[in-house]
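A.B. asks: Got a structure for you, questions after.
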Amino acid sequence: LNNPNKPVAAIIGGSKVSTKIDVINFLLKKMDIIIIGGAMANTFVAAKGLDVGKSLFEKNCLDLARELIEISKKNNCKLILPIDFIVSKIFKKNAPNTNMNFNSIPSDMMALDIGPKSIEKINKNIKNCKTILWNGPLGAFETYPFDKGTNKVALFVSSFTKQKKILSVAGGGDTVSALNNAKVLNDFSYVSTAGGAFLEWLEGKVLPGIEPIS
């Protein structure tokens, strides 16, 4: 975390920006690239003044999302947001779905996964990285077929890890489940089973169990 092989990228997913503010703020000063996915990406899209339909997003975090976008520019950190989504009217297994650009989500639909253009864009940027830090899924991975985005990016990272081209570090409860779902859990360089502690480490905090032994 302090001296990674560069270029270094962080994949930050999950449902809420509010739970990852400190993580993103800390990483914006450390990373060359930050990739935002999951429902938290909807908040960033909404912060650009675009309609996200029935998608889950945090109305009270729109200003915060705009602020994070500005901080990324100041720190010369490339902030990658989804450019298309897999959307559906209902959230259930095998629900009818379609691919939509980020700026054309219908008002009666919700974004549940990143789309193929986003997957391609993310993988294109990851390809040149030496270190990848991953926390949080890129879509509603627990419900098929909305696990496709997370699975495809996870497979891409794992293949480069196996070729010794990337050092990949992942952690957090949902992340472990998502990588397990993609069947790549054992292919990453290091997977932390910690949830909150992993996030606190990413926030640059001194962990109470580490402090006395160091």
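The values are calculated or read from the model by the stated rules, or taken from the named source; none is laboratory data. None of the values given here were measured: they were computed from a predicted structure. Glycine also receives a Cβ, built like all others from the backbone with ideal geometry; neighbour counts cover every protein chain displayed. Just the protein is used for accessible areas: all its heavy atoms, side chains included, with ligands, DNA and RNA removed. Shrake-Rupley method; radii C 1.70, N 1.55, O 1.52, S 1.80 Å.
A.B. asks: I want to confirm something. Restricting to the stretch 167-182 and keeping residues that are surrounded by fewer than 23 Cβ atoms within 10 Å (Cβ to Cβ) and among the β-branched types (Val, Ile, Thr), which single residue is nearest to residue 113 (Cα to Cα)?
C.D. replies: 176
A.B. asks: A further question follows. If residue 151 satisfies every condition in (1) buried (at least 21 other Cβ atoms within 10 Å of the Cβ); (2) within 14 Å of the chain's Cα centre (by Cα); (3) within 20 Å of residue 24 (Cα to Cα); (4) not β-branched (Val, Ile, Thr) but one, which is the exception?
C.D. replies: Evaluating residue 151 over (1) buried (at least 21 other Cβ atoms within 10 Å of the Cβ); (2) within 14 Å of the chain's Cα centre (by Cα); (3) within 20 Å of residue 24 (Cα to Cα); (4) not β-branched (Val, Ile, Thr) leaves (3) as the failure.
A.B. asks: Quick test for you: out of 16, 20, pick the one residue that is buried (at least 18 other Cβ atoms within 10 Å of the Cβ) and closer than 25 Å to residue 192 by Cα.
C.D. replies: 20
A.B. asks: If you don't mind, there's one more thing I want to ask. If residue 145 satisfies all but one of (1) out of contact with any Leu (no Cβ under 8 Å at 6 or more places or on another chain); (2) open to solvent by 100 Å² or more (accessible area, probe 1.4 Å); (3) modelled with pLDDT of 95 or more, what's the number of the condition it fails?
C.D. replies: It fails just one condition, (2).
A.B. asks: I'd like to check something: does the stretch 190-211 contain any residue that is part of a helix (DSSP H, G or I) and at pLDDT 90 or above?
C.D. replies: no
A.B. asks: Might you let me know whether the stretch 191-206 holds any residue that is hydroxyl-bearing (Ser, Thr, Tyr) and touching a residue at least 24 places away in the same chain (Cβ under 8 Å)?
C.D. replies: no
A.B. asks: Of a type outside the set (S, T, N, Q) and under 24 Å from residue 173 (Cα atoms): which single residue out of 90, 21 fits that description?
C.D. replies: The conditions single out 21.
A.B. asks: Would you mind telling me which numbered condition in (1) at pLDDT 95 or above; (2) under 20 Å from residue 17 (Cα atoms); (3) out of contact with any Lys or Arg (no Cβ under 6 Å at 6 or more places or on another chain) residue 99 fails?
C.D. replies: Among (1) at pLDDT 95 or above; (2) under 20 Å from residue 17 (Cα atoms); (3) out of contact with any Lys or Arg (no Cβ under 6 Å at 6 or more places or on another chain), the lone unmet condition for residue 99 is (2).
A.B. asks: Something else: For the stretch 111-134, which residues satisfy the criterion of being open to solvent by less than 40 Å² (accessible area, probe 1.4 Å) and assigned to a loop (DSSP other than H, G, I, E, B)?
C.D. replies: 115, 129
A.B. asks: Let me ask something else about it. Going by what's in this entry, would residue 65 be described as open to solvent by less than 50 Å² (accessible area, probe 1.4 Å) and touching a helix residue (DSSP H, G or I) at 6+ places or on another chain (Cβ under 8 Å)?
C.D. replies: Answer is yes for this residue.
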